[in-house]
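Report on one structure; see the data block that follows.
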Amino acid sequence: MDKKDLLGIEINKIMEEEVGELFLSEEIKANILKKAPSFRIKTIREFLNKEIELPLIPIGAGLLAAFLLLIVPIDGIIRGDRVKTLDFGSSQVIIRDFKEVSKR
C-alpha cells in the first residue's frame, strides 16, 4: 500500500472513534433540512452542471458538408455545364450550352 493510503485509513479510524457516539437531535435535523436547497433549485443546478459530450466525427462531417455546400457552386454540379472553348489566336471565346440566367 501507498503511504498516503495508510495515512488516510488511520485518519478515518481516528475520526470514527471520536465522532462515532455523536447523534443529531430532531431539531437540528429539521433545521438542516430547512436550509437545504429546494428540489427545483437542486434539479436546475444538476442540469446546469451536466457535462456535455460532443462526438467529433459527426460534427466534423457536418461542418465539412456545410462548408462544401457553401463553397461549391450547385448550379454547375446539378446541370453539368457543357462549355465549349474556341481559340482565336491569343483570345478565347467561351460558349455555354444553356439559356437561363444563373444566380451566380
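Overview of values
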item: Of all residues in segment 10-24 being in a loop (DSSP other than H, G, I, E, B) and not aromatic (Phe, Trp, Tyr), the one that is surrounded by the most Cβ atoms within 10 Å (Cβ to Cβ); result: LEU24
item: Selection from segment 37-66 of residues that are surrounded by 10 or more Cβ atoms within 10 Å (Cβ to Cβ) and hydrophobic (A, V, I, L, M, F, W, C); result: ILE41, ILE44, ILE59, ALA61, LEU63, LEU64, ALA65, ALA66
item: Boolean, GLU27 is exposed (fewer than 10 other Cβ atoms within 10 Å of the Cβ) and at pLDDT 85 or above; result: yes
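The values are calculated or read from the model by the stated rules, or taken from the named source; none is laboratory data. Note that this is a predicted model, so its numbers are computed, not measured. Ideal geometry is used to build each Cβ from the backbone, glycine not excepted, and the neighbour counts take in all protein chains shown.
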